[in-house]
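The values are calculated or read from the model by the stated rules, or taken from the named source; none is laboratory data. Please read these numbers as outputs of a predicted model, since none were measured by experiment. Note that each Cβ is placed from the backbone with ideal geometry, even for glycine, and that neighbours are counted across all protein chains shown. Note: accessible area is taken over every heavy atom of the protein model, side chains too, but ligands, DNA and RNA are not part of it. Shrake-Rupley method; radii C 1.70, N 1.55, O 1.52, S 1.80 Å.
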Amino acid sequence: MQVVYSPAHLGHDTTLETFMGMPVPANEVAERAERIRVRLDEDGGFGLVPPTEHGEAPITAVHDPGLVRFLEVAWSELRAQGIVRPFLSADTYPNRAMFEGMSEAAVAAMAREPVHAGGRAGFWGLDSAAPLVAGTFVAARAAVDVALTTVDLVLGGEAAAYGLCRPPGHHAARSMYGGYCFFNNAAIAAEAIVTATGERVAILDVDYHHGNGSQGIFWRRGDVRYVSIHADPDTDYPYFLGRADETGEGDGAGENVNLPLPPGTGNAAYLAAVDRALEAIAAVPGSVVVISLGFDTYGLDPIGSFALTTDVYHEIGRRTAALGRRLVILQEGGYHRPSLGENARAWLRGVEGRPFDPLPPAGFGPSGAVAG
Ligand code: SP5
Ligand code: ZN
């Protein structure tokens, strides 16, 4: 299988994020993508290809141009305003209750983008855990090109291809970044596939977290079905979306399928949810599925509570390929760094119908794997 990768992600060199007001070591770090790249290289069955540039038009097909401009200038503006920080994080968010009692017209007129960098980050951002640094915009643009090049490979005839996107994307909505995500790589890919083929497209989101951004972008759309298996938002980020009764509206009524699972979910219950998700995808026409692939469902993940094992990723990949559709597989989350490469290798070998033979731990490989 072809793996699309760009070293531009290294510029998004996060070391800290905030969690409930405290600086903590960043979870979404460059080492994640490097671990996966090195491990797939050690496997020997994957070919690495660079992305090609696709420009801004596919991004503004799903995102507000104002979000794109903000992300482009956010770091330089922070510096220009003399605010010394290792990363940009919001000061104040426009909580919906701030505008309570005001008419929609009054809110639209008054809730506008401020000048202060911490206010602008609040205007466009969902949460304080998505650190923005000097290289973030270039990295996020490259992640979109990775996703769109993966689409090109599949529309060009590959049965499946894998885009090693970093930063991830599924929390980014039309006019909002957050949750370690800046541009919604999977949504941009799905939109590009609809435009290129005229077919219906399904997104299967198996990251631990609900992909609120993908759900929102396609909420009223009849041509993109969003199916997600994730931790119950009662207990997990993003808290305010992801419940089973969110099914879409208008042309999108019934096209949004949320399968929330409780903390502690293990292999058997997860696989049962995978079967339900695959049924929901098989029920609609179309030849291409976009996968939002996260490994934060792994038992050792530092921010997840599920208990999946590496061999189950192989089985999920196998069952997903058994749909008989072409797969655009895009990396989302997964934060237990030592297992990321092996879990990706298991999933992708499952898709290819190759058996899963575990490799020795990272650090002992022939190609100078990342130590630790
Ligand atoms: C793409 C993706 O996986 N984004 C996840 C964003 C999660 N952001 C909130 C992280 C909250 C971490 N909670 C840690 C609890 C540890 N006990
Ligand atoms: Zn996640």
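Can you confirm whether ALA231 is touching a strand residue (DSSP E or B) at 6+ places or on another chain (Cβ under 6 Å), surrounded by 14 or more Cβ atoms within 10 Å (Cβ to Cβ) and at pLDDT 95 or above? Show your work before the answer.
Values: touching a strand residue (DSSP E or B) at 6+ places or on another chain (Cβ under 6 Å): no; surrounded by 14 or more Cβ atoms within 10 Å (Cβ to Cβ): yes; at pLDDT 95 or above: yes.
Spelling it out, it is not the case that ALA231 is touching a strand residue (DSSP E or B) at 6+ places or on another chain (Cβ under 6 Å), surrounded by 14 or more Cβ atoms within 10 Å (Cβ to Cβ) and at pLDDT 95 or above.
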Given (1) of a type in the set (Phe, Trp, Tyr); (2) open to solvent by 30 Å² or more (accessible area, probe 1.4 Å); (3) within 19 Å of ASN343 (Cα to Cα), identify the lone condition not met by PHE240. (3)
What number of residues within region 165-189 are away from ligand 2 (no atom under 13 Å from the Cβ) and open to solvent by 10 Å² or more (accessible area, probe 1.4 Å)? 4
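Find the residue count for region 217-231, including only residues that are in a helix (DSSP H, G or I) and within 16 Å of ligand 2 (Cβ to nearest atom). Can you show your working first?
Let us first name the residues in region 217-231 that are in a helix (DSSP H, G or I), namely 217.
Going one step further and asking which of them are within 16 Å of ligand 2 (Cβ to nearest atom), we end up with none.
The number of residues fulfilling the criteria is 0.
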Considering region 26-57, residues that are farther than 16 Å from THR149 by Cβ and more than 20 Å from the chain's Cα centre (by Cα), and then whichever is surrounded by the most Cβ atoms within 10 Å (Cβ to Cβ), we arrive at ARG39
What about THR14, is it over 18 Å from the mean Cα position of the chain (by Cα), open to solvent by less than 30 Å² (accessible area, probe 1.4 Å) and more than 24 Å from GLU158 (Cβ to Cβ)? no
Out of the residues in region 121-143 that are farther than 16 Å from PRO86 by Cα and within 16 Å of ligand 2 (Cβ to nearest atom), which is nearest to the chain's Cα centre (by Cα)? ALA143
I need a count of the residues in region 291-341 that are under 22 Å from PRO263 (Cβ atoms), within 12 Å of ligand 2 (Cβ to nearest atom) and not in a loop (DSSP other than H, G, I, E, B). 3
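Any residue at all in region 287-307 that's over 21 Å from the mean Cα position of the chain (by Cα) and crowded, with 18+ Cβ neighbours inside 10 Å?
Of all residues in region 287-307, those over 21 Å from the mean Cα position of the chain (by Cα) come to 287.
Then drop every residue that is not crowded, with 18+ Cβ neighbours inside 10 Å, which leaves none.
Checking region 287-307: not a single residue is over 21 Å from the mean Cα position of the chain (by Cα) and crowded, with 18+ Cβ neighbours inside 10 Å.
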Picked from region 156-201 (must be among the basic types (Lys, Arg) and more than 16 Å from ligand 1 (Cβ to nearest atom)), the residue nearest to PRO65 (Cα to Cα) is ARG174
Can you name the residue in region 93-113 that is within 25 Å of the chain's Cα centre (by Cα) and either surrounded by 13 or more Cβ atoms within 10 Å (Cβ to Cβ) or of a type in the set (A, V, I, L, M) (or both) and, of all such residues, is nearest to GLY125 (Cα to Cα)? TYR93
